[in-house]
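See below for the structure under consideration.
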Amino acid sequence: MYFCKNTFVMNAKIVGFILSKSKINYLPKINPNIQIKDFDLSMGWLSLYYYGDLNTCMVKNGVYSMGFPASDNLLDHNLLIHICQDEVLVENDWLQSIPLYYNSKEGVVSTFPKVCLGENKAIDKQGLFDYLKYGFSVFERTIFKEVRFLSFYSSLRYKLGDLSITQKEDPAKRIDEFKGASEQDIWNKFDNYCRKREERTVGDIVIPTSGGYDSRIANYFMHDRSRVKNYTYGISANQEKSFEVQQAKKIAKKLGHHWERIHLKDAFHYSGHWHDLYAFSTHLHGMYHIEFYHKINDILQNKPASMISGMGGDVLSGINTYTLSRNPQYLNYLAYTHGINYKADGCKDEFRSEQEFIDRYSYLMEDIRLYPLITMRIKAVLISYVLTVPSMMGLPAWTPFLNYESAMLMLNLPPERRKNRAWVSEFFASKDLLPGQSLFFNDTKNRLNLHLHNNYNFEPLSNDFSMPYLSDKRKQEINDYLGNIGLKSKINYQLTTTRVIKEVLKRFGITNKFSASLSDYQTLKAIEMSLK
């Protein structure tokens, strides 16, 4: 079910747009009931994809917001579309949290990457190499020469198919204005931020809840607890016993929130829906979110609702440890890809794109407080799905962590308080919201992907699929492994996903072959589907 018919009072959200010289007909598979408003302008066509009352998404005369709730603030999760007399101006936010793609030759600008790709599918070899290394599009390039994406805090001016781009002064340079911030300042900011948005939404407030601190913060700062609906999925073989499920259940009970567990089994069936939405911009990896929100929508039965996400909270609050460096290779580390990428065949590492980034944004590399922002901006195309998928499916999503002031306050905390997020864990300990962690009764093994893989008919990489950095031998090895998960493969998977044992096996060079093959496949399959 989708919340897209304006038959009752509901939350309104623009979830995407297409700007082009001639009208492009596109209907996202993830939500075929989405509403579309077409503007026949003197300089071309603008199509807005939305639900609810579109007028409430207009923040000024002729200016539409993709934020939720709608706002003209670009120092938050947002994107603004200005409709002028003979041109359209598009501005993204300070983190580029809503990726924007464009094709200068075809004269197409859109939040949907697939519509930007015309007949010319010439490969950008540097863009392809970077995509394979990271697993998603980075540094404003995609795998195709004619399709790029906008950098953070930039504006794109569109007039008669001609595009001009300007990048504004980075607000991160003003980080010193927030020096001396206290931890209480941050908690007060979260409290006020959540309260204001809670007041501007109607219906249930969905909070995907795990055992992590980010969703815990979102839950704690809700004021009307009767509206909160917590949902959790497990990542273990027995999802009910999963560590995340047990932790989330305890947190919801302590706060008096409604809680339900969502069982996942068919996520990989949504690969086509995922690729339709993200195409060549990122690997096939977030399909479990599509199944998750499908099932939540079924539970909610079309009632109005919104969603709060913990997106960005871990990185900005101090989960990672950084070292001051100008080594271009370090940028790949800052991306925290977790191995979900593809090691290019017969090609040594090169860091041309990384060096260009360092030269262009040297001020970011010189202040270690800003390194979490580098992580967020490099990963923008990848992590955007956390808010985009539920929003596309009728659950307009927001997060307190992408707000500029909140981020600056967190980044200015003393290093010893940010380390291992001590300031967060001590806060929740004082609120009795650190449920005990029993490794004997909670399953911490992440075995969800094998379960999902076994529940769908594997579609191998095609025989006629070829591209640079991929040999026929490597392609066949990937297909053979994923197409025939035998006893030996299952034993390898069981051992390499078990605490302690997997660390011992690493010392002997024994790694998780299934996860490595799946990462290769999901990275390559997105390219194959795009080329078709």
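The values are calculated or read from the model by the stated rules, or taken from the named source; none is laboratory data. Every value quoted in this text rests on a predicted model; they were computed, and no experiment measured them. Heads up, the Cβs are rebuilt from the backbone with ideal geometry, glycines too, and the neighbour counts pull from every protein chain shown.
Data for the structure
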| quantity | calculated |
| --- | --- |
| Qualifying residue in the range 249-259 (condition: part of a helix (DSSP H, G or I), surrounded by 18 or more Cβ atoms within 10 Å (Cβ to Cβ) and either of a type in the set (Ser, Thr, Tyr) or within 16 Å of the chain's Cα centre (by Cα) (or both)) | no |
| Filter result (of a type in the set (Val, Ile, Thr) and more than 28 Å from residue 355 (Cβ to Cβ)) within the range 108-137 | 108, 109, 111, 115 |
| Some residue of the range 407-423 being at pLDDT 95 or above, of a type in the set (S, T, N, Q) and within 30 Å of residue 512 (Cβ to Cβ) | no |
| Pick from the range 299-329, criterion assigned to a loop (DSSP other than H, G, I, E, B) and among the hydrophobic types (A, V, I, L, M, F, W, C), ranking: nearest to residue 226 (Cα to Cα) | 311 |
| Search result, residues across the range 197-220 that are hydrophobic (A, V, I, L, M, F, W, C), within 25 Å of residue 298 (Cβ to Cβ) and buried (at least 21 other Cβ atoms within 10 Å of the Cβ) | 205, 206, 207, 218 |
| Residue within the range 453-466 that is modelled with pLDDT of 80 or more, over 29 Å from the mean Cα position of the chain (by Cα) and more than 20 Å from residue 341 (Cβ to Cβ) present | yes |
| Residue selected from the range 363-385 under the condition crowded, with 20+ Cβ neighbours inside 10 Å and of a type in the set (Phe, Trp, Tyr), by the criterion farthest from residue 409 (Cα to Cα) | 385 |
| Checklist (1) under 17 Å from the mean Cα position of the chain (by Cα); (2) of a type in the set (S, T, N, Q); (3) assigned to a strand (DSSP E or B) applied to residue 232, failing item | (1) |
| Strands (runs of 3 or more DSSP E) wholly inside the range 1-112 that include at least 3 residues being aromatic (Phe, Trp, Tyr) and in contact (Cβ under 8 Å) with a residue 12 or more places away in the chain | 44-51 |
| Residue that is modelled with the lowest pLDDT [pool: residues in the range 425-449 that are surrounded by 13 or more Cβ atoms within 10 Å (Cβ to Cβ) and over 20 Å from residue 215 (Cβ atoms)] | 445 |
| Residue within the range 490-499 that is at pLDDT below 85, aromatic (Phe, Trp, Tyr) and more than 25 Å from the chain's Cα centre (by Cα) present | yes |
| Qualifying position, being within 18 Å of residue 451 (Cβ to Cβ), touching an Asp or Glu at 6+ places or on another chain (Cβ under 6 Å) and not aliphatic (A, V, I, L, M), among 314, 214, 266 | 266 |
| Residue match in the range 342-362 (condition: touching a Pro at 6+ places or on another chain (Cβ under 7 Å), surrounded by fewer than 18 Cβ atoms within 10 Å (Cβ to Cβ) and assigned to a helix (DSSP H, G or I)) | yes |
| Extreme residue, nearest to residue 290 (Cα to Cα), among residues of the range 215-229 that are among the aliphatic types (A, V, I, L, M) and part of a helix (DSSP H, G or I) | 218 |
| Residue within the range 39-60 that is under 23 Å from residue 405 (Cα atoms) and touching a His at 6+ places or on another chain (Cβ under 7 Å) present | no |
| Condition check for residue 311: under 20 Å from residue 399 (Cα atoms), modelled with pLDDT under 95 and either touching a strand residue (DSSP E or B) at 6+ places or on another chain (Cβ under 7 Å) or surrounded by 22 or more Cβ atoms within 10 Å (Cβ to Cβ) (or both) | yes |
| Filtered residues of the range 465-494 (kept if among the hydrophobic types (A, V, I, L, M, F, W, C) and in contact with a helix residue (DSSP H, G or I) (Cβ under 9 Å, 6 or more places away or on another chain)) | 465, 467, 470, 478, 482, 485 |
| Any chance residue 177 is part of a helix (DSSP H, G or I), out of contact with any His (no Cβ under 6 Å at 6 or more places or on another chain), among the charged types (D, E, K, R) and at pLDDT 95 or above | yes |
| Residues (charged (D, E, K, R) and out of contact with any Lys or Arg (no Cβ under 9 Å at 6 or more places or on another chain)) located in the range 328-349 | 348 |
| Subset of the range 390-405 (residues that are in a helix (DSSP H, G or I) and either at pLDDT below 95 or surrounded by 24 or more Cβ atoms within 10 Å (Cβ to Cβ) (or both)) | 390, 391, 392 |
| Residues being within 18 Å of residue 180 (Cα to Cα) and touching a residue at least 24 places away in the same chain (Cβ under 8 Å) - total across the range 390-419 | 13 |
| Filtered residue count, the range 131-168, keeping only those that are among the small types (Gly, Ala, Ser), outside any loop (DSSP other than H, G, I, E, B) and crowded, with 17+ Cβ neighbours inside 10 Å | 2 |
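Here is a yes/no grid of residues against (1) over 20 Å from residue 15 (Cα atoms); (2) buried (at least 21 other Cβ atoms within 10 Å of the Cβ); (3) touching a helix residue (DSSP H, G or I) at 6+ places or on another chain (Cβ under 8 Å); (4) free of Cβ contacts under 8 Å to residues at least 24 places away in the same chain:
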| position | (1), (2), (3), (4) |
| --- | --- |
| 266 | yes, no, yes, no |
| 279 | no, yes, yes, no |
| 293 | no, yes, yes, no |
| 298 | yes, no, no, no |
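Here's the yes/no breakdown for (1) of a type in the set (Phe, Trp, Tyr); (2) crowded, with 24+ Cβ neighbours inside 10 Å:
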position: 53; (1), (2): no, no
position: 96; (1), (2): no, no
position: 106; (1), (2): no, no
position: 109; (1), (2): no, yes
position: 122; (1), (2): no, no
position: 129; (1), (2): yes, no
